[in-house]
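Notes follow once the structure below has been shown.
The values are calculated or read from the model by the stated rules, or taken from the named source; none is laboratory data. Quick caveat, the model's predicted, so the values are computed rather than measured. Neighbour counts are summed over all protein chains in view; Cβ atoms, including those assigned to glycine, are modelled from backbone coordinates with ideal geometry.
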């Protein structure tokens, strides 16, 4: 029994099998015991057992249980090189325990850890290193050849070109849920702007298409409308509509209209300048009109048509306008001074359509159409034109 007591307070003691303690041999002599080989073997084996219970400082054996240090520490330890080694405090202080050094390649990045290769990446595993090369596309990272995993921004947003700047630190954490490395780097202003533009929809408080940046050309592009009032129209010399002004009762609105009679296809025209941003394509229109309410009951319908053509510098105005298009015939409510707005027409082909040109329009009432049976003048108050632009400004 070389070691006595309970861990972690055991002590080593001597015995010859019968007597114990620091005076074991003296006790034997006092007892008149002659020196015998069995006594010595028992005593020496007791010493051997005690020595075998110790740890060799040259690493010749291993501990059999946890070693309580009694408030003391191991000193002068070497840097850890394996995942099962003591970690030296300096490796935390200088970051070398996590530092991967140079992380090479642009998009398929690789790096080496100071530790021997683990079987797999673990959830929460930190990655710190120096990104050597700016990325050109989405990025993967492979540490110690464990396997390439995608590198993403928080929210599982893929990286775009130049998100990782050359010769700057790269910090990431492995997510087992995503099976990807999630960047901890602070994004640049350009990255923040790009990611902001991915946020859209109800409740976000953002409209991604209105955020300044690579989509800026979309801010002013799209469908636009312009209203052409009757004040800007002129009746044709042949079968021309008549410009008229009436004061509406109660509201006292001085209503200017182009009045289209029932006995012929009256015409009226106007002109406008298409902006440089016009996409040179088809347009559509809606007609706003009214009557004085004196029509015969049941005879309320009007059929409108519009046609247009563009004329550049040094082009002859005699060139024909495009094919006339109109909405379905619309019945008036028969209430005096009710203003009506037709449905939108189908596509109107503008002859010689071109941006930055002057466009002439002709409007007429087709009294021969089956849906046109209004037996009094139809008062055209104006027309809404819809056209599409494909650039932001007229620069």
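Please verify whether residue 354 is within 40 Å of the chain's Cα centre (by Cα), over 20 Å from residue 267 (Cα atoms), surrounded by fewer than 19 Cβ atoms within 10 Å (Cβ to Cβ) and modelled with pLDDT of 95 or more, treating the condition exactly as stated. No: the conditions fail for residue 354. Residue 349: surrounded by fewer than 19 Cβ atoms within 10 Å (Cβ to Cβ) and within 46 Å of the chain's Cα centre (by Cα), yes or no? Criteria met by residue 349. Among the criteria (1) surrounded by fewer than 16 Cβ atoms within 10 Å (Cβ to Cβ); (2) under 30 Å from residue 75 (Cβ atoms), the one residue 104 does not fulfil is (2). Residue count for region 141-173 under the criterion of being assigned to a loop (DSSP other than H, G, I, E, B) and at negative phi: the result is 10.
Residues checked against (1) assigned to a strand (DSSP E or B); (2) surrounded by 14 or more Cβ atoms within 10 Å (Cβ to Cβ); (3) modelled with pLDDT of 95 or more:
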{"position": "220", "(1), (2), (3)": "no, yes, no"}
{"position": "228", "(1), (2), (3)": "yes, yes, yes"}
{"position": "238", "(1), (2), (3)": "no, no, no"}
{"position": "259", "(1), (2), (3)": "yes, yes, yes"}
{"position": "264", "(1), (2), (3)": "no, yes, no"}
{"position": "268", "(1), (2), (3)": "yes, yes, yes"}
{"position": "275", "(1), (2), (3)": "no, yes, no"}
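Screening the candidates 184, 83, 128, 178 for the property of being closer than 30 Å to residue 73 by Cβ and either modelled with pLDDT of 90 or more or crowded, with 16+ Cβ neighbours inside 10 Å (or both) yields one hit, 128. Restricting 95, 147, 155 to residues that are loosely packed, with under 12 Cβ neighbours inside 10 Å and more than 21 Å from residue 189 (Cα to Cα) narrows the list to 95.
So which residues in region 286-299 are surrounded by fewer than 21 Cβ atoms within 10 Å (Cβ to Cβ) and in contact with a strand residue (DSSP E or B) (Cβ under 7 Å, 6 or more places away or on another chain)? Matches in region 286-299: 286, 288.
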